[in-house]
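*Asks:* Handing you this structure, nothing more for now.
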Amino acid sequence: MVAGLDEAGRGPLAGPVVAAAVIFNSPFFSKVKDSKQLSPKQRENFYEILTNAPDIVWGVGVVSEKVIDKVNIFQATKLAMVKAVKNLEKRAYQNFHDRGNSDKVGFLLIDGNFRLEKVKIPQKSVVKGDEKVFSIAAASIVAKVTRDRLMRKYHKKYPEYGFLSHKGYGTKAHFASLEKFGPCKIHRKTFYPVRGLT
């Protein structure tokens, strides 16, 4: 079984980075696109379909801003992907094993130009894979919606920063909030300009 992997949240100034891995165990409709090409409503609709279809298996991995600050965003992204693969493997076993299908993840297609050294599964990096590979595009949607939902929860806890609208990215409104209130607990302290305000 071939799994596509992608992430969401490498660039924001706050919140976690989230990765997702997706396997299609049967042919599926071809309207799935890279999450960046979809509206929030379209992403939510696709997410509901992807995460509830019986022949699709998915897993997510979440790495907090504290770990991002500790190991850097690139290593944190890879760690999130490793977590997503492990979560996927558990779900694949649960979903496919009892039906007599293969429950082993046999190959990974990763959006980007790097490898996951801690995963002993054959893999291939695909630059702009979310635009080229169906399962990577699906993973981009699952990762993006999962992260957006997490940021909506953080908005309730820290409403003064406007996470509901910008999801932690460096918008003018976000910069203004940082200047006025300083960083909160979920800000990435090693990211500019947050590091200059701590």
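*Asks:* Determine the shape class of segment 137-198: with a ≥ b ≥ c the square roots of the Cα gyration tensor eigenvalues, call it rounded for a/c under 1.5, and otherwise prolate if a/b is greater than b/c, oblate otherwise.
*Replies:* Note, shape of segment 137-198 comes out prolate.
*Asks:* Is the shape of segment 79-174 best called rounded, prolate or oblate, per the rule: a/c under 1.5 gives rounded, else a/b larger than b/c gives prolate, else oblate, with a ≥ b ≥ c the square roots of the Cα gyration tensor eigenvalues?
*Replies:* Prolate is the answer for segment 79-174, as a/c is 1.5 or above and a/b outweighs b/c.
*Asks:* Moving to a separate point now. Exposure proxy check: MET81, MET151 ranked by fewest other beta carbons within 10 Å?
*Replies:* MET151, MET81
*Asks:* From the phi angles alone, apply the Karplus equation (6.51, -1.76, 1.60; θ = phi - 60°) to segment 159-169 and give each ³J(HN,Hα) in whole Hz, x where the residue is Gly or Pro.
*Replies:* Values, residue by residue: x, 5, 9, x, 4, 4, 8, 9, 6, x, 6 Hz.
*Asks:* Ok, one more. Quick one: compute a quarter of the convex hull surface over the Cα atoms of segment 2-158 and quote it in nm².
*Replies:* Mean projected area for segment 2-158: 9.2 nm², to one decimal.
*Asks:* For a footprinting-style exposure proxy, rank TYR192, TYR161, TYR47 by other Cβ within 10 Å, fewest first.
*Replies:* Ascending number of Cβ neighbours within 10 Å: TYR192, TYR47, TYR161.
*Asks:* Now, a different point. Arrange the following residues from fewest to most other Cβ atoms within 10 Å of their Cβ: ILE49, ILE121, ILE136.
*Replies:* ILE121, ILE49, ILE136
*Asks:* Moving on. Could you check the spin-label model distance between LEU197 and ASN113? Points 7 Å from the Cα along Cα→Cβ, value in nm.
*Replies:* In this crude spin-label approximation the distance works out to 3.2 nm.
*Asks:* Run the quick spin-label model on PHE175 and GLN42: label points 7 Å from Cα toward the beta carbon, then report their separation in nm to one decimal.
*Replies:* Simple spin-label model gives 2.9 nm for this pair.
The numbers here are math on the coordinates, done by the rules we state, and not lab data. For clarity, every value in this text was computed on a predicted model and none was experimentally measured. Ideal geometry is used to build each Cβ from the backbone, glycine not excepted, and the neighbour counts take in all protein chains shown.
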